[in-house]
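Peer 1: One structure follows; several queries about it will come next.
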Amino acid sequence: METAEYIRQVDETRPERIRWWQEARFGMFVHWGLYSQLGRHEWVMNRERIPLADYEPLADSWQPIERPAREWARLARQAGMKYMVMTTKHHEGFCLWDTQQTDYNAVKRGPRRDLVREYVEACHEFGLKVGFYYSLMDWHHPDGARCALDGAAHRRFMDFTDGCVQELMTNYGKIDVLWYDVSWPLTSPELWESARRNALVRELQPGILINNRSQLDEDFGTPEEQVTAERAGRNWEACMTFNGSWGYMPSAVDWHSTRAVVFMLRTATAGQGNLLLNIGPRPDGSVPEQAYERLLPLGEWLAGNGEAVYGQVERAGGRMEWMPCGYWSIKGNDAYFWADKWPGKELTIGGLQMDVKRASLLATGDGIAEEITFEQVPDRLILKGLSEENPDRLAGVAVIKLECASAPRQVLGAGCVVL
Ligand code: GLC
């Protein structure tokens, strides 16, 4: 099939395939591999120029606990995440599944079991969609670098890549996301044979979503370490480390707070995008407690405020304005105001172009009333009888829902009202 025809078919089938993902909003990324044992970032082999002979023994010393993926999946579920993406092979080249393509894998070496299968089973057990991360770049395969220079090496490396991807797409049941990474050293999708390979992936997994890192746009963009919306109409997912490193790194101590993650979710929601938040499990597979300390309150926050986050949202940019006390997201005729700087008993919002029918606080309980009384006069909405303090104790972000008579829109401009 011609590349252009392939892309046309992908575009045509996308709206249906991607619906669940657009509504899911929030997923867990898991970076786990041999590098976790060193605890100095997943790029440690490259950054420290560790010779292969010194790195390879990590394959034998790796001894994960029993089924750690159940711990990740349980936590993801508790945190309000709807899907997971796990590194099946990172740049180091070690395969976490039972592959015929190389002996450098988790079944033949240290763990002596198929860690990808355990992961898939854990996703099923906890009701999460299943994503596979796969690094095209490979520092272990003898042709991983040579493929750019030599035709025979190129053919061998393409065959190896095909073999790996086919196994992953055939042996583990339904896979929801294929998340490619780093396409060094080949400089075009033609050299990677991406259209051919991805067409085969889609034959094997007709519902699958593929990210944009095999040098084709495919289904969604992947802004990294920044929650930034891509062009309108383009699906996107921001992938974020929790503490600056994807792989386990005990010296990385700057963990994002629960509140910071809520802000990421707010930006993703307002921009019609997703958030894929990473955890780097310890070498044994257990999850660092810093992740628990932040994700459990986040899960509670989402239990109260999830309505603003999940589902088919629209882009708020260009329709709603910035406000001193918080920001907006939109779903149908509902506008959600994410108040992170609580104003006290009254909150006044200017410039709304639609009639508000009802105002309410999403997360209630502890004597916090759901219903908010309000007055709407031309150009001003005044919400009254609010609590003195921000009612949200989990992240300091309380969400106010405005149910409107028509599509939400706000116009303020930069000047003052001229009478
Ligand atoms: C980068 C890094 C890699 C990480 C990935 C996640 O491309 O090379 O280590 O897995 O980002 O998005």
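Peer 1: Among the candidates 63, 100, single out the residue that is open to solvent by 20 Å² or more (accessible area, probe 1.4 Å), part of a loop (DSSP other than H, G, I, E, B) and more than 28 Å from residue 185 (Cβ to Cβ).
Peer 2: Unique residue meeting the criteria: 63.
To keep it simple, each residue is scored yes or no on (1) part of a helix (DSSP H, G or I); (2) open to solvent by 30 Å² or more (accessible area, probe 1.4 Å); (3) farther than 30 Å from residue 219 by Cβ; (4) away from the ligand (no atom under 16 Å from the Cβ).
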site: 6; (1), (2), (3), (4): yes, no, no, yes
site: 13; (1), (2), (3), (4): yes, yes, no, yes
site: 41; (1), (2), (3), (4): no, yes, no, no
site: 46; (1), (2), (3), (4): yes, yes, no, no
site: 49; (1), (2), (3), (4): no, yes, yes, yes
site: 59; (1), (2), (3), (4): yes, no, yes, yes
site: 74; (1), (2), (3), (4): yes, yes, no, yes
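Peer 1: I'd like to know if region 186-200 contains one or more residues that are within 16 Å of the ligand (Cβ to nearest atom) and either under 24 Å from residue 28 (Cβ atoms) or in the same structural domain as residue 136 (by TED's automatic domain parsing) (or both).
Peer 2: Yes, the conditions are met somewhere in region 186-200.
Peer 1: Only one of 270, 291, 316, 308 is more than 16 Å from the ligand (Cβ to nearest atom), closer than 30 Å to residue 33 by Cα and modelled with pLDDT of 95 or more. Can you tell me which?
Peer 2: After ruling out the rest, the residue left standing is 291.
Peer 1: Same structure, new question: Scan region 40-62 and give yes if some residue there is closer than 30 Å to residue 25 by Cα, among the aliphatic types (A, V, I, L, M) and assigned by TED's automatic domain parsing to the domain that holds residue 20, otherwise no.
Peer 2: So far as region 40-62 goes, no, none of its residues is closer than 30 Å to residue 25 by Cα, among the aliphatic types (A, V, I, L, M) and assigned by TED's automatic domain parsing to the domain that holds residue 20.
Peer 1: Inspect region 168-177 for any residue being in the same structural domain as residue 214 (by TED's automatic domain parsing) and within 16 Å of the ligand (Cβ to nearest atom) and give the result as yes or no.
Peer 2: yes
Peer 1: Kindly provide the set of residues from region 201-226 that are among the hydrophobic types (A, V, I, L, M, F, W, C) and either open to solvent by 30 Å² or more (accessible area, probe 1.4 Å) or away from the ligand (no atom under 16 Å from the Cβ) (or both), ordered by number.
Peer 2: 201, 204, 208, 216
Peer 1: Same structure again: Determine which member of the set 96, 115, 128 is away from the ligand (no atom under 16 Å from the Cβ) and under 22 Å from residue 42 (Cα atoms).
Peer 2: 115
Peer 1: Which residue, of 199, 232, 195, 252, is within 30 Å of residue 336 (Cα to Cα) and more than 14 Å from the chain's Cα centre (by Cα)?
Peer 2: Exactly one of 199, 232, 195, 252 is within 30 Å of residue 336 (Cα to Cα) and more than 14 Å from the chain's Cα centre (by Cα), namely 232.
Peer 1: Could you list, in sequence order, the residues of region 264-273 that are open to solvent by 50 Å² or more (accessible area, probe 1.4 Å) and farther than 13 Å from residue 228 by Cβ?
Peer 2: none
Peer 1: Taking strands (runs of 3 or more DSSP E) that do not extend beyond region 269-347, which have at least 1 residues that are assigned by TED's automatic domain parsing to the domain that holds residue 360?
Peer 2: 326-331, 334-339
Peer 1: Testing residue 144 on (1) within 16 Å of the ligand (Cβ to nearest atom); (2) open to solvent by 30 Å² or more (accessible area, probe 1.4 Å); (3) under 23 Å from residue 44 (Cβ atoms), one condition comes back false. Which one is that?
Peer 2: In the conditions (1) within 16 Å of the ligand (Cβ to nearest atom); (2) open to solvent by 30 Å² or more (accessible area, probe 1.4 Å); (3) under 23 Å from residue 44 (Cβ atoms), residue 144 misses (2) alone.
Peer 1: Next question, about the same structure. Does region 335-354 hold any residues that are surrounded by fewer than 21 Cβ atoms within 10 Å (Cβ to Cβ) and either farther than 11 Å from residue 381 by Cα or under 28 Å from the mean Cα position of the chain (by Cα) (or both), and which are they?
Peer 2: If the condition is that a residue be surrounded by fewer than 21 Cβ atoms within 10 Å (Cβ to Cβ) and either farther than 11 Å from residue 381 by Cα or under 28 Å from the mean Cα position of the chain (by Cα) (or both), then 340, 341, 342, 343, 344, 345 are the ones that fit.
The values are calculated or read from the model by the stated rules, or taken from the named source; none is laboratory data. Remember, predicted model here, so these are calculated numbers, not experimental data. A quick note on method: Cβ atoms are made from the backbone with ideal geometry, for glycine too, and the neighbour counts reach across all protein chains shown. Just the protein is used for accessible areas: all its heavy atoms, side chains included, with ligands, DNA and RNA removed. Shrake-Rupley method; radii C 1.70, N 1.55, O 1.52, S 1.80 Å.
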